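A short reminder: the numbers here are calculations on the coordinates, not readings from a lab. In this text, all values refer to a predicted model and were calculated from it rather than measured experimentally. As a convention, Cβ positions derive from the backbone with ideal geometry for all residues, glycine included, and neighbour counts pool all protein chains shown.
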Amino acid sequence: MEDKTKIIEAFSEMAPRYEQVVDSELNRFWGWSYYGFVNLIIASTPIEPQDIILDVATGTGVIPSLLEKAGHPRNQIHGLDITMSMLMRAKGRSGDQNSHANQNLVCASAMEMPYANSGFSQVICGLATHHMDVKELILESYRILRSGGKLTIGDVGGSNIWKFPGVKFLLRIIAFSYFFLVENKSRAWAEASAVSNVLSKDDWSRVLMNCGFRNIVIQKLKSRFFWVPAPLLIKAEK
Ligand SMILES: C[S@@+](CC[C@H](N)C(=O)[O-])C[C@H]1O[C@@H](n2cnc3c(N)ncnc32)[C@H](O)[C@@H]1O
């Protein structure tokens, strides 16, 4: 099965219980609550009232709704995701089917975003880069950001030893077995294929720099166990 299909299948199944599942996983592995983590991403995003924001891989639209609650105009907040069932839950948040919140949600791949060049001043991406080809995602983010626009990412980080094929293979087996036991087969496939997309701090710096970003700041966040890959908070500017 193609990776994209596995991802859509996994998140379609998880959509009705998404926040609960992620909250318990982040607590178990990192000691973070789901809302604690996404709120940290938002707090680290230097938002101005006139900013046009894209939340890439918005899922059930939690980040846009928190931005709106924080007072940012909803018509300036956009969300994109590849899984329609996740977006349907995001649409359900606003209640009004014709609201700006719904008009600004798009079902598409972040590898080919249906937006013009330089249209956004902020791109945010929470807990999702490991499901994508990171270089393609960063190139697309660069393209749609205007000059001086900011990118903020919060996601799991890897270590430099993950590059070795033997280590990668072992991690894929561990990821598959764990998610197969506690979740289901589609989630297990999605998380096992995500292993190759989990980058170390050094890799993130290199990819961002090679794609043209500057003022790159990458912070390793607290994690409950030393042996579990810790979350990274990544900020950069076009
Ligand atoms: C763990 S969820 C994160 C959702 C949201 N950002 C949050 O913080 O709750 C990962 C999301 O990435 C989306 N996704 C995975 N690959 C994608 C792609 N290529 N393009 C757009 N969205 C993608 C999935 O559909 C899923 O909704």
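Taking the Cα centre of region 1-54 as origin and charging only Cβ (+1 Lys, Arg; -1 Asp, Glu), how large is the dipole, in debye to the nearest 20?
Dipole size: approximately 160 debye.
Would you report the distance distribution of C-alpha pairs in the chain as whole percents per 10 angstrom bin, up to the bin with the largest distance?
8, 33, 40, 17, 2, 0
Sorted from fewest to most neighbouring beta carbons within 10 Å, what does the list MET132, MET88 look like?
The fewest-first ordering by Cβ neighbours comes to MET88, MET132.
Hey, fewest Cβ within 10 Å first, where do LYS235, LYS220 land in order?
So the ranking, lowest neighbour count to highest, is LYS220, LYS235.
What list do you get for PHE120, PHE213 if you sort them by fewest beta carbons within 10 Å?
Ordered by Cβ neighbours within 10 Å, fewest first: PHE213, PHE120.
For region 131-238, compute Rg over Rh where Rg is the Cα radius of gyration and Rh is the Kirkwood radius from the inverse mean 1/r over Cα pairs.
1.01
Show me the ranking of peptides 190-200, 141-151 by mean Cβ neighbours inside 10 Å, starting with the highest.
190-200, 141-151
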